[in-house]
Every structure is written in C-alpha cells, then in structure tokens.
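Structure first, commentary second.
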Amino acid sequence: MNARHDGNPPLTPAVERARAFVANGVVFRHDFYAARGHEEPVAGADLVVFPLAFTGDRAAVYQNPPAPYVLVHDWLWRRSRGGTVISPLLLKCLNLVRR
C-alpha cells in the first residue's frame with residue numbers, strides 16, 4: 001500500500017489494482033463516510049463507490065446520493081433499476097445510483 005501524508009487511510013490493494021483500468025489524472029481516495037455532513041469527504045467527486053462492507057445507512061445513500069454517480073456494492077435482493085448482478089452464487093450486485 002502507498003503511504004499517504006494527507007491524514008486519510010492508505011489505499012487498499014483492491015483500489016491500487018483498479019488504477020490500471022482508468023486514465024491518468026483520476027484521483028483515488030479511500031476514506032470514511034457519514035451520511036450527515038457528507039459533503040466534505042466527497043466534495044467535487046464525480047463517482048463514489050460504496051463497498052459491501054459499508055456499515056452506514058445505505059438507504060440514505062440511495063435516497064440522497066453524495067455524488068453525481070454512485071456505485072453501491074449490495075446484496076442481490078437490494079438490486080436497483082440501474083443495477084447488475086455481479087455474482088448470483090454469492091447473491092451480490094452492483095447498483096448505479098444517479099443524483
């Protein structure tokens with residue numbers, strides 16, 4: 001993992017691997033999120049990704065997306081209109097939520 005000096009947690013190995021699939025100049029940020037006062041951590045972001053491990057209020061993310069585009073890794077029974085099945089065996093989907 002890369003060392004960071006901006007007070008944010010280091011990027012995870014999965015996020016580091018994702019860098020290979022996007023253009024140079026894309027900023028990756030691994031941070032914590034709280035629905036109230038969420039403007040600060042994601043201000044100016046075009047895309048925010050919530051992992052399946054997110055323990056906050058998912059309903060708030062779906063109802064009030066913090067960015068123009070939000071990807072929510074979720075369980076299959078919570079698949080939304082903009083979602084796709086990632087793993088039917090593990091009951092996982094990825095939902096695209098637009099502001």
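The values are calculated or read from the model by the stated rules, or taken from the named source; none is laboratory data. Owing to the predicted nature of the structure, the values given are computational and were not obtained by experimental measurement. Positions of Cβ are generated from backbone atoms using ideal geometry, with glycine treated the same way; all protein chains shown enter the neighbour counts.
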Would a scan of segment 82-89 turn up a residue that is of a type in the set (Ser, Thr, Tyr), outside any helix (DSSP H, G or I) and modelled with pLDDT of 85 or more? yes
Would you call Val72 buried (at least 16 other Cβ atoms within 10 Å of the Cβ), touching a helix residue (DSSP H, G or I) at 6+ places or on another chain (Cβ under 7 Å) and free of Cβ contacts under 8 Å to residues at least 60 places away in the same chain? yes
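Okay, residues lined up against (1) modelled with pLDDT under 65; (2) charged (D, E, K, R); (3) within 15 Å of the chain's Cα centre (by Cα):
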position: Met1; (1), (2), (3): yes, no, no
position: Arg4; (1), (2), (3): yes, yes, no
position: Leu11; (1), (2), (3): no, no, yes
position: Glu16; (1), (2), (3): no, yes, yes
position: Val22; (1), (2), (3): no, no, no
position: Asp31; (1), (2), (3): no, yes, yes
position: His38; (1), (2), (3): yes, no, yes
position: Ala43; (1), (2), (3): no, no, yes
I'd like the residue in segment 50-79 that is within 22 Å of Ala14 (Cα to Cα) and among the small types (Gly, Ala, Ser) and, out of all such residues, is farthest from the chain's Cα centre (by Cα). Gly56
